[in-house]
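Working notes for the structure below.
The values are calculated or read from the model by the stated rules, or taken from the named source; none is laboratory data. Bear in mind that the values here come from a model prediction, so they are computed numbers and not experimental data. Cβ sites come from the backbone with ideal geometry, for glycine too, and all protein chains shown count toward neighbours.
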Amino acid sequence: MKILLPVDGSKSAINACKYVAKLSADLKSKCVVTLINVHDDVGLNHVKQFVAKSVVDDYLREISEKELKPAQKALDAAGIKYTIVIKRGNISDEILALANKEKMDMIVMGSKGRSGFIDMIMGSIAQKIVSGAKQPVVLIK
């Protein structure tokens, strides 16, 4: 089973990792897990005119590595092999594109991410994934 696991460093994303670990153990079959971390860099457009592109790239990479670390730790503890994908762009679009491109069987993600107030105004990432995904989506609190 191929599982896509979007990770943003939130508590519910870590709970989703733990769920995938338990699911993998319960299925007693080989699960292939892909961790994805996406940053929407539109908010950094004004900074790009004053700071070198490499500085922005390094900054986003460091944030992604920090957000991925707890998920990696949880999956390592469960003995689950995984790959990591780091993207920039529209978060829900990038997640859905990877899920379709890699023909994922399932998307497991936290129900509440890091964005908080923005979600109330624009609609949550989880909601966009649920409505746009071709595969089953499991939301974890």
Some residue of the range 8-23 being more than 23 Å from I125 (Cα to Cα), at pLDDT below 90 and either within 13 Å of the chain's Cα centre (by Cα) or of a type in the set (K, R) (or both): no
Filter result (within 19 Å of S10 (Cβ to Cβ) and modelled with pLDDT of 85 or more) within the range 32-60: V33, T34, L35, I36, N37, V38, H39, D40, L60
Every residue from the range 63-76 that is among the small types (G, A, S) and either within 13 Å of I36 (Cβ to Cβ) or without any contact (Cβ under 8 Å) to a residue 60 or more places away in the chain (or both): S64, A71
Cβ pairs under 8 Å, 6+ apart, first in the range 77-91 and within 29 Å of N45 (Cα to Cα), second part of a loop (DSSP other than H, G, I, E, B) and at pLDDT below 95: R88/D40; G89/D40; N90/D40; I91/D40
Search result, residues across the range 89-129 that are at positive phi and modelled with pLDDT under 95: G89, G116, G123
